[in-house]
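FYI, it's all coordinate maths here, none of it is from the lab. Model, not experiment: these values are computed from the prediction. FYI the Cβ positions are ideal-geometry reconstructions off the backbone, even for glycines, and counts take in every protein chain you see.
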Amino acid sequence: MADISLTASMRSNLLSLQNTQSLMDMTQERLSTGKKVNSALDNPNSYYTSQSLTNRASDLSSLLDSMGQGISTIKAANEGIESITEFVQQAKAVANQARDEANNVAGSTGNYDNTTVAAGNVEMTVTYKGETKTVNANLAEDEAGTDAAGKMQTALQGLTFGQPATALGTNFTVTFADGAFKVASANGEELKVSFEVGGAKMDATAGNATRVESVDRFNAILDQIDQLAKDSGYKGVNLLGGTDQSLTVIFNEDRSSNLVIQGVDASANGLSISRVSDWGSNTNIDASITQVEDAINELRNMASEFGNNYSVVQTREDFTDNLINVLEEGSDKLVLADMNEESANMLALQTRQQLAINSLSLASQAAQSVLKLF
């Protein structure tokens with residue numbers, strides 16, 4: 001089949017109309033997508049550079065979420081430290097209260113004169129935890145006060161109370177000084193004693209129940225510290241659960257920039273606060289007070305360290321957020337279209353298209369005039 005012949009003017013106008021339509025198609029695509037570079041065919045250099053910037057921004061966006069979770073983990077640990085600090089300060093207050101309560105020493109009211117003492121038994125009446133018993137100390141004639149105190153102590157410490165029966169043991173001691181007998185409590189428990197020997201009378205209470213109660217309160221606070229330290233985790237990471245715990249926060253896409261946050265042991269044992277068995281002596285209480293004061297200082301150091309780590313991660317998070325914006329802005333500059341310009345182009349192309357159609361129509365009039373011959 002032979003090709004259809006067109007006049008030169010018609011072919012020129014037809015090509016112009018086809019070019020205009022091609023430009024309109026490209027402009028419509030830019031208007032619909034908002035991009036002047038939609039594929040590598042449009043501009044390979046701009047397209048692949050933009051893709052690289054966009055991919056990096058996407059990778060950093062995922063890391064941004066990880067940084068946010070890291071910040072939450074540090075916050076959880078910091079909240080735990082603040083609450084544990086309050087508990088430790090409360091424990092210190094309990095210890096100070098016990099320290100202010102004197103551990104009473106029961107002393108005889110009369111002077112002991114061994115020259116007036118005859119051989120025989122000295123009956124001691126003892127009340128311990130609501131149970132009263134009597135015991136005899138067999139003294140020799142003219143026995144010295146220190147020797148008499150030793151026999152009385154042996155008799156006292158051999159007494160048994162409760163079910164099952166438990167001997168008082170070394171928790172209570174009897175001494176003699178300045179002409180008087182004294183009964184002291186080693187752990188603060190109360191003990192009422194009454195006796196009379198050689199003019200020395202005793203009807204008094206040794207020990208201090210408040211100190212014994214304070215021991216229970218102090219140990220209960222330590223239990224709360226342990227429980228709180230266990231409950232300070234976030235998404236399976238507990239920075240107060242021991243030195244075997246740690247958190248690694250990644251800052252860049254190739255993982256070459258990161259921060260490792262080491263966990264601490266914020267339990268009572270980790271803070272070197274020992275549980276208390278008795279606070280009968282001021283020395284024991286002072287030792288506990290020293291431990292809680294050292295623990296408060298240690299907690300402040302922990303809070304300072306976590307605060308510094310929090311600041312680092314927060315700063316890197318802000319930096320990454322800003323860097324993502326820079327990368328996306330740079331990518332957009334390479335591929336985004338100027339919508340005002342493209343709209344003006346579309347209007348111009350529509351006008352050109354209409355003119356091309358009119359020109360094509362005029363160019364065909366010469367050929368159409370042949371029809372008038374028939």
Contact order normalised by residue count of segment 105-207, Cα under 8 Å, 6+ apart, percent: 36
Charged-residue dipole, Cβ positions (Lys, Arg, Asp, Glu), the chain about Cα centre, Debye nearest 20: 1880
Structure-based [θ]222 nm, the chain - -39500 (n - 2.57) summed over DSSP H runs of at least 4, per residue, nearest 500: -19500 deg cm²/dmol
Loop-resident sites, segment 64-157, for trypsin sites (Lys or Arg not before Pro), counting at most 12 other Cβ within 10 Å (DSSP): LYS129
Cα centroid of segment 88-150 to Cα centroid of segment 201-271, whole Å: 41
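Test of understanding: express the Cα radius of gyration of segment 105-207 as a ratio to 2.2 N^0.38 Å, with N the residue count.
Normalised by 2.2 N^0.38 Å, the Cα Rg of segment 105-207 equals 1.00.
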Prolate/oblate/rounded call for segment 186-336, Cα gyration tensor, a/c under 1.5 rounded: prolate
Which labelled figure in (i) 20.8, 71; (ii) 19.0, 61; (iii) 47.4, 171 is Rg and Dmax of the Cα atoms in Å, once derived from the coordinates: (iii)
Nearest-20 debye value, segment 105-207 charge dipole, Cβ charges on Lys, Arg, Asp, Glu: 340
Sparse-neighbourhood loop sites, trypsin sites (Lys or Arg not before Pro) in segment 172-247 - DSSP loop, at most 16 other Cβ within 10 angstrom: LYS235
Dipole-positive endmost among VAL237, MET124, ASN103 within the chain (Cβ charges, Cα centre): VAL237
Set of lysines with alpha-carbon distance to LYS230 below 24 Å, sequence-local pairs under 8 removed: LYS75, LYS92
Relative contact order of the chain, defined on C-alpha pairs under 8 angstrom at six or more residues apart (%): 26
DSSP-loop trypsin sites (Lys or Arg not before Pro) across segment 272-333, with at most 13 other Cβ within 10 angstrom: ARG275
